[in-house]
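Structure first, commentary second.
What follows draws every value from the coordinates through simple rules; no lab data is involved. Given the structure is predicted, the values throughout are model-derived calculations rather than measurements. Reconstructed Cβ throughout: ideal geometry from the backbone, glycine too, with neighbour counts over all protein chains shown.
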Amino acid sequence: MARGLSAARGTPSSYRVLMIAPTGFFADYGCHVRIQGHAQALQACGHQVRIVTYPGGREVPGLTIVRPPWPPGARGRDMPVGSSWRKLALDLLLASAVWQTARRWQPHLVHAYLHEGALLGALLSARQRLPLVFDFQGSLVGEMLDHRFLAPHSPLLPAWQRLERWIDQQPAAILASSQHAHDLLVTTFGVPAARVTTLPDSVDPAQFRPASMFAAHELAALRAQLGLPSGRPLVVYLGLLAPYQGIDLLLQAARALQRSPPTAAGRPFFLIMGFPFVEHYRRLAQRLGLAADVLFTGMVPFADAPRHVALGDVAVAPKLSATEGSGKLLTYMASALPVVAFDTPVHREYLGDLGFYAAPADSHALAAALTAALHDPLAARTRGAALRARAVQHYTWPHAAAAIEEIYHRVSSASWLNNVVTPEA
């Protein structure tokens with residue numbers, strides 16, 4: 001049964017939510033998982049959701065996804081990850097689809113992801129008097145710098161910073177993916193604190209679960225399929241492969257461990273799951289002499305990710321960004337794995353005192369933290385169990401849906417609802 005404000009207060013018990021996702025939804029990584037989780041959790045509460053996204057991507061059963069058509073003769077239909085000039089052309093296609101969907105469907109409000117989505121949402125909000133909720137997952141300029149799309153001394157930097165500040169000040173409410181992001185919006189971008197709510201990433205603990213909750217033969221078959229060595233502790237990574245994710249540093253840490261005396265459990269093996277740039281990192285691992293210590297799987301479908309993560313003895317999160325969320329931590333936590341991570345504010349928010357931390361951007365410190373996690377398997381498993389309990393208590397999709405509904409109620413008012421037209425079937 002849907003929750004909502006009473007009719008006496010002039011707001012509906014369920015909403016028509018137009019989500020703007022300037023990415024090739026669905027793909028098997030971070031922000032896509034967040035968008036899918038929010039949409040499915042809100043639908044479970046009785047709300048109607050339509051996701052307007054780029055032409056590329058994969059369908060998700062049960063979700064209504066609207067895509068603009070590819071222009072005739074379009075080439076390079078793979079979706080860019082992160083900042084890219086190609087996204088500007090895709091955003092023009094997306095803008096048309098957003099406008100047409102809003103005109104036809106008449107949503108109650110707009111829920112925009114990423115800054116491009118918030119920009120389109122702000123224009124639509126101003127024209128059609130729709131409340132705009134912005135899901136903020138990190139600084140726009142910070143992402144451009146992380147992806148090396150923009151140089152720190154670029155003459156364009158001030159213009160991008162002004163644009164980011166303007167976008168951040170348009171929504172009626174902003175959902176920040178971490179407390180660090182919340183503080184950044186208020187202190188750096190001048191957004192009134194009353195508009196910003198911290199909404200961490202979420203996880204389904206029935207989906208991502210400990211190895212003990214899988215059939216032993218199922219995991220054994222997967223190990224054999226992947227060709228994983230027996231008798232060696234397994235360090236797992238799941239996510240994008242890129243420098244700002246710390247993959248270069250992770251491989252350097254693996255090299256340092258290779259040269260160090262093995263722990264009591266033996267020399268670790270690294271299962272690195274994700275995309276893009278798989279061949280680049282496979283070649284780098286070979287140059288570092290890690291061919292016998294690292295396996296790159298490439299993209300792992302999200303539905304298969306829980307089994308793959310459950311194979312691990314330790315999980316690693318070497319992400320360097322200081323502003324973006326780190327949802328992969330929750331997949332590790334729900335899987336009851338001890339987690340080794342760079343010591344950043346976002347990682348601290350999720351892991352608390354239960355993480356094995358390394359000084360940021362220091363491969364030797366990362367190697368030392370991995371050694372600490374591998375040295376005492378019993379203590380590491382105890383931390384992993386506590387992390388799962390933390391995830392179940394604080395970071396599930398129903399928790400997120402309840403928080404989002406409260407925001408929807410707050411930004412809604414009878415004045416604009418009176419003008420909503422009944423949508424077409």
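Structural remarks
- Magnitude of the charge dipole, region 86-212, Cβ model with Lys/Arg +1 and Asp/Glu -1, debye to 20: 480 debye
- Pairwise FRET efficiency - Gln169 versus Ala379, Cβ, R0 = 35 Å, nearest 0.05: 0.15
- Farthest toward the positive end of the dipole of the chain, out of Leu337, Tyr395, Trp70, is the Cα of Trp70, where the dipole comes from beta carbon charges about the Cα centre.
- In the chain, helical runs assigned H by DSSP with n ≥ 4 each contribute -39500 (n - 2.57); averaged across all residues and rounded to the nearest 500, the mean residue ellipticity at 222 nm is -13000 deg cm²/dmol.
- Under the Karplus curve 6.51 cos²θ - 1.76 cosθ + 1.60, θ = phi - 60°, whole-Hz ³J(HN,Hα) for region 93-109, x wherever Gly or Pro sits: 4, 5, 4, 5, 5, 4, 4, 5, 5, 5, 5, 7, 8, 6, x, 7, 7
- Amide H to amide H distances under 5 Å link Val294 with Phe270, where only residues 5 or more positions off or on other chains count and H is placed in the peptide plane.
- FRET efficiency, Ala206 to Asp343 (Cβ-Cβ, R0 30 Å, nearest 0.05): 0.45
- The residue list Gln252, Phe302, Ala315 was ranked by how far each Cα lies along the charge dipole of region 228-351 toward its positive end, using unit charges on Cβ atoms, and Gln252 comes out on top.
- Charge dipole of the chain (Cα centre as origin; +1 on each Lys and Arg Cβ, -1 on each Asp and Glu Cβ, all else neutral): 520 debye, rounded to the nearest 20.
- For the chain, the longest principal axis of the Cα atoms and the long axis of helix 157-168 meet at an angle of about 60 degrees.
- Three-way shape label, region 81-193, alpha-carbon gyration tensor, a/c 1.5: oblate
- Evaluated at q = 0.13 Å⁻¹: base-10 log I(q)/I(0), Debye formula over Cα of the chain: -1.15
- Proximal charge balance of Arg195 [Cβ under 15 Å; K/R count +1, D/E count -1]: -2
- Working ranking of peptides 211-224, 379-392 by packing, defined as the average number of other Cβ atoms within 10 Å per residue, highest first, is 379-392, 211-224.
- For Ala193 and Gln393, the difference between the fully extended length at 0.36 nm per residue and the C-alpha to C-alpha distance is 69.4 nm.
- Full extension of the chain between Arg127 and Arg259 yields a length gain of 41.3 nm, computed as 0.36 nm times the residue separation minus the alpha carbon distance.
- Where labels lie 7 Å past Cα in the beta-carbon direction, separation of Ala291 and Leu222 in nm: 2.8 nm
- FRET E, pair Arg162, Ala361, Förster distance 25 Å, beta-carbon r, rounded to 0.05: 0.30
- Between 0 and 90 degrees, the angle of helix 216-226 with respect to the longest Cα principal axis of the chain falls at about 80 degrees.
- In the chain, the longest principal axis of the Cα atoms and the axis of helix 377-394 are about 10 degrees apart.
- Protection proxy ranking, peptides 113-120, 393-400, average beta carbon neighbours within 10 Å, highest first: 113-120, 393-400
- The 3J(HN,Hα) values that the Karplus relation (6.51, -1.76, 1.60; θ = phi - 60°) gives for region 325-331 are, in residue order, x, 8, x, 4, 4, 5, 5 Hz. Gly and Pro appear as x.
- Contact order normalised by residue count of region 270-425, Cα under 8 Å, 6+ apart, percent: 17 percent
- q = 0.15 Å⁻¹, region 157-211: log10 I(q)/I(0) [Debye, one scatterer per Cα]: -0.51
- Selection from Ala372, Ala95, Phe208 lying farthest towards where the dipole of the chain points positive, charges on Cβ: Ala95
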